[in-house]
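The values are calculated or read from the model by the stated rules, or taken from the named source; none is laboratory data. Owing to the predicted nature of the structure, the values given are computational and were not obtained by experimental measurement. Because the Cβ atoms are built from the backbone with ideal geometry, glycine has one as well, and the counts that use them run over all protein chains shown.
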Amino acid sequence: MAQSKQQRFYIRAVILIALTIAIVFTVYSNVTKEKNAVLQVGDKAPDFLVVDMNGTEHRLSDYKGEGLFLNFWGTWCKPCAKEMPAMDNQFNVYKDQGVQTLAINIGESDLKVSSFVNRYGLSFPVAIDRTKNVMNLYNIKPLPTTFLINPEGKIVKIIEGEMTEQDIANFMDQIKPL
């Protein structure tokens, strides 16, 4: 009889612990849900502040009324390196048509990034997300990842992976102001 009571006690204790863990997980998930929400096409792009290699501040809100080709990248990323010259070519074609380009490096050193920018002769603004706050805000996983943001600040398309120059031209055309 005593052994049976002891078994029931242990079973109840395990069930109580499991329920407590489930409740704690549910509360934690709900509290952090907005922080981890994945951005989707049609969402308003979240505002941010970054400083480019020339010391100029860039906020998403600065680009209101223009299309923004927002690219997240790393110097070590081979697809990033392949698409950067094409992005620069298309930036020079579209910048006077109301489409801007901003490339955000994910937390690398000034030396690595400026070396990369100089090697490829990039003319569009390049910033470093030192704290990875913007990366987390935009839920960036693979690099490169590019967001097409229309003049109203809405996400039109999210591209993960390498793009050809023709892809980039087509994408920039999609976010050109009317």
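When you check Y63 against the structure, is it in the same structural domain as Q166 (by TED's automatic domain parsing) and of a type in the set (S, T, Y), yes or no?
Working: in the same structural domain as Q166 (by TED's automatic domain parsing): yes; of a type in the set (S, T, Y): yes.
Here the answer is yes, as Y63 does meet what is asked.
Among the residues of segment 128-138, is any crowded, with 17+ Cβ neighbours inside 10 Å, in contact with a strand residue (DSSP E or B) (Cβ under 9 Å, 6 or more places away or on another chain) and either more than 23 Å from V51 (Cβ to Cβ) or not assigned by TED's automatic domain parsing to the domain that holds G67 (or both)?
no
Hey, among the residues in segment 139-162 that are in contact with a strand residue (DSSP E or B) (Cβ under 7 Å, 6 or more places away or on another chain) and assigned to a loop (DSSP other than H, G, I, E, B), which one's nearest to A103 (Cα to Cα)?
Kept after step one, since they are in contact with a strand residue (DSSP E or B) (Cβ under 7 Å, 6 or more places away or on another chain), are these residues of segment 139-162: 140, 142-151, 153-160.
From the residues that got through so far, the ones that are assigned to a loop (DSSP other than H, G, I, E, B) too are 140, 142-144, 150-151, 153.
Numbers: I140: 13, P142: 15, L143: 12, P144: 10, N150: 16, P151: 18, G153: 17 Å.
This residue is P144.
Looking at this structure, is S123 surrounded by fewer than 17 Cβ atoms within 10 Å (Cβ to Cβ), of a type in the set (S, T, Y), in the same structural domain as G55 (by TED's automatic domain parsing) and not in a loop (DSSP other than H, G, I, E, B)? Lay out the reasoning, then the answer.
On the way: surrounded by fewer than 17 Cβ atoms within 10 Å (Cβ to Cβ): yes; of a type in the set (S, T, Y): yes; in the same structural domain as G55 (by TED's automatic domain parsing): yes; not in a loop (DSSP other than H, G, I, E, B): no.
Against the criterion (surrounded by fewer than 17 Cβ atoms within 10 Å (Cβ to Cβ), of a type in the set (S, T, Y), in the same structural domain as G55 (by TED's automatic domain parsing) and not in a loop (DSSP other than H, G, I, E, B)), S123 does not qualify.
Return only the number of the condition from (1) loosely packed, with under 10 Cβ neighbours inside 10 Å; (2) modelled with pLDDT of 85 or more that N30 does not satisfy.
Among (1) loosely packed, with under 10 Cβ neighbours inside 10 Å; (2) modelled with pLDDT of 85 or more, N30 violates only (2).
Condition check ((1) part of a helix (DSSP H, G or I); (2) at pLDDT 95 or above; (3) surrounded by fewer than 21 Cβ atoms within 10 Å (Cβ to Cβ)) across all residues:
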residue: N36; (1), (2), (3): no, no, yes
residue: P46; (1), (2), (3): no, yes, yes
residue: L70; (1), (2), (3): no, yes, no
residue: T75; (1), (2), (3): no, yes, yes
residue: P79; (1), (2), (3): yes, yes, yes
residue: K82; (1), (2), (3): yes, yes, yes
residue: D88; (1), (2), (3): yes, yes, yes
residue: L111; (1), (2), (3): yes, yes, yes
residue: S115; (1), (2), (3): yes, yes, yes
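Hey, among the residues in segment 90-109 that are of a type in the set (D, E, K, R) and assigned to a helix (DSSP H, G or I), which one's surrounded by the most Cβ atoms within 10 Å (Cβ to Cβ)? Steps first, please.
Kept after step one, since they are of a type in the set (D, E, K, R), are these residues of segment 90-109: 95-96, 108.
Subset that is assigned to a helix (DSSP H, G or I): 95-96.
Details: K95: 15, D96: 7.
Among them, the one singled out is K95.
For segment 84-102, name all the residues that are touching a residue at least 12 places away in the same chain (Cβ under 8 Å) and more than 17 Å from A127 (Cβ to Cβ).
P85, A86, N89, Q90, N92, V93, Y94, Q97, G98, V99
Looking at segment 161-175, can you tell me whether even one residue there is surrounded by fewer than 17 Cβ atoms within 10 Å (Cβ to Cβ), at pLDDT 95 or above and in contact with a Ser or Thr (Cβ under 6 Å, 6 or more places away or on another chain)?
Checking segment 161-175: not a single residue is surrounded by fewer than 17 Cβ atoms within 10 Å (Cβ to Cβ), at pLDDT 95 or above and in contact with a Ser or Thr (Cβ under 6 Å, 6 or more places away or on another chain).
Condition first: in the same structural domain as E152 (by TED's automatic domain parsing), of a type in the set (S, T, Y), under 20 Å from R59 (Cα atoms) and touching a residue at least 60 places away in the same chain (Cβ under 8 Å). Can you find one or more residues in segment 106-118 that meet it? So that I can check it myself, show each step before the final result.
Just the residues of segment 106-118 that are in the same structural domain as E152 (by TED's automatic domain parsing), to begin with: 106-118.
Adding the requirement that they be of a type in the set (S, T, Y) leaves 109, 114-115.
Right, trim to under 20 Å from R59 (Cα atoms) and you get none.
No: zero hits.
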